[in-house]
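Enquirer: Before we start, here is the structure in question, set down as structure tokens.
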Amino acid sequence: MKKSKGFTLVELLVVIAIIGVLVGLLLPAVQAAREAARRMSCQNNLKNIGLADQSHHSAVGHFVPARSGPDSTTKQALRHLREPEERSGASAFVHLLPYMEQQALYDRFDINDNEGLWTAGLFGSTWRTAYPARAEALGVRPEVMVCPSSGDEPQTTDPSRQGFPAIPATGNYASVAGHRGLIFGGYGVDACMLKHYNTGVHLYHTLISIRQITDGTSATISFGEVIDSHTQESENIWTYCERYRSTFRMTDVAMNTPPDIVGQQANSTFNVNGAFASRHAGGSQFAYADGHVEFLSESIDFETYQELSTIDGPPEFLDQDDDNSICISANGW
């Protein structure tokens, strides 16, 4: 009688054990390779954004503002801006769309007519309901706005946004306003110094050109990453500019500080801090004002980190030279 040529149970178990060990050894390598690919994709997104901002500067003579117009600021210098389009809350990324081969999407937002985009609250909300093409476009999420490592939901979960015809889409990138933020000494949540006269490249309404960046464009961060973009604490609607949240962030707190700690937005029940953060291990990626992209370690010296976000010297010197009188509000608006 011939013996069976099949595997014995012991041999089969040994083979299975070997395969299990090999899978265990290979899985971390596969995961690392996937994260490396995701990080490279994120880097390319920031590179495209940074180069688009360079093209914008070449075309019009200044970097893109973080927000087209002021919100409801009442300071004297802005009182003449009375039309809805002049108080637009359109983000830097909306303005950069034509420089990223997204002209058709830019046209749908119609930011220069028909009440503008994300108009300041004192003008009401018809801008988002009366114009179907714009209303639908708010739900569009371009790939260049998304870091593959983030895992964020594609739309905001903020209850106040759920009544929109299309729930606004999120993104993982924000403009760098400078070092002044929620806990910056002396300035309150609504301070125009934070919005219009911060220390970085991208501000509300105020325009910054290369000649103003005395620190050098290769040493000044311009755009960075954010996480939890669908949450109230770190909402990041890519088409909108709102202090501490949507596309307007600062270096007032350390990189990768969790979104739900440090500060509380005025008249609100949720915490915000305006921090830059990523899901990449150990740090976050930033586009610089000259268009190049670097990965910064989350262990970076905090003063160095803050200084990278300013355009004209160390934060402590800028704070000493402030002239707060430019932000004194006039009666009415």
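The values are calculated or read from the model by the stated rules, or taken from the named source; none is laboratory data. Computed from a prediction, not measured in an experiment: that's the story for all the values here. Glycine gets a Cβ as well: all are built from the backbone with ideal geometry, and neighbour counts include every protein chain shown. Remember, those area values only see protein heavy atoms, side chains included, never the ligands or the DNA or RNA. Shrake-Rupley method; radii C 1.70, N 1.55, O 1.52, S 1.80 Å.
Enquirer: Any idea what Rg and Dmax come out to for the chain if you just take the C-alpha atoms, in Å?
Expert: 23.4, 107
Enquirer: Starting at the first residue of the stretch 92-102, write each ³J(HN,Hα) from the Karplus equation 6.51 cos²θ - 1.76 cosθ + 1.60 with θ = phi - 60°, in whole Hz, x for Gly and Pro.
Expert: Listing the rounded values in order: 4, 5, 5, 5, 8, 3, x, 8, 10, 6, 10 Hz.
Enquirer: With every protein chain left in place, what is the accessible area per residue of the chain in square angstrom, probe 1.4 Å?
Expert: The answer is 45 Å² per residue.
Enquirer: How big is the charge dipole of the chain about its Cα centre, in debye rounded to the nearest 20, if each Lys and Arg gets +1 on its Cβ and each Asp and Glu gets -1 on its Cβ?
Expert: Approximately 1320 debye in magnitude.
Enquirer: Now for a separate question. Under the rule of at least 5 residues apart or a separate chain, name every residue whose amide H is placed under 5 Å from the amide H of Gly283.
Expert: Placed amide hydrogens put Glu298 under 5 Å from Gly283.
Enquirer: Quick query: amide H of Tyr173 versus all other amide H atoms, modeled in the peptide plane; which residues come in under 5 Å with a sequence gap of 5 or more or a different chain?
Expert: Those lying under 5 Å, H to H, from Tyr173 are Val226.
Enquirer: Using modelled amide H (1.01 Å from N, peptide plane; none on Pro or chain starts), what sits under 5 Å from the amide H of Ser91, excluding residues fewer than 5 places away?
Expert: HN-HN under 5 Å from Ser91: Tyr240, Cys241.
Enquirer: Of Gly151, Gln102, Ser222, which is farthest along the charge dipole of the stretch 90-228 in the positive direction, counting Lys and Arg as +1 and Asp and Glu as -1 at C-beta?
Expert: Ser222
Enquirer: What is the sum of charges, Lys and Arg at +1 and Asp and Glu at -1, for the other residues whose Cβ falls under 13 Å from the Cβ of Ser222?
Expert: Local net charge: -3.
Enquirer: Out of the total accessible area of the stretch 128-227 (probe 1.4 Å, heavy atoms of protein only), what percent is carbon and sulfur?
Expert: Taking all protein chains in place, the stretch 128-227 shows 53 percent carbon and sulfur surface.
Enquirer: Tell me the net charge near Ile208. Cut-off is 11 Å between Cβ atoms, Ile208 excluded, with +1 for each Lys or Arg and -1 for each Asp or Glu.
Expert: With Lys, Arg at +1 and Asp, Glu at -1, the neighbours total -1.
Enquirer: Placing +1 on the Cβ of each Lys and Arg and -1 on the Cβ of each Asp and Glu in the chain, which of Thr239, Ala174, Ile19 has its Cα farthest towards the positive end of the resulting dipole?
Expert: Value computed over the given set: Ile19.
Enquirer: To the nearest 20 debye, what is the magnitude of the charge dipole of the stretch 17-142 about its Cα centre, counting +1 on the Cβ of each Lys and Arg and -1 on the Cβ of each Asp and Glu?
Expert: Once rounded to the nearest 20, the dipole reads 440 debye.
Enquirer: If ligands, DNA and RNA are left out, what is the accessible area of Leu81 with a 1.4 Å probe, given in Å² to the nearest 10?
Expert: 10 Å²
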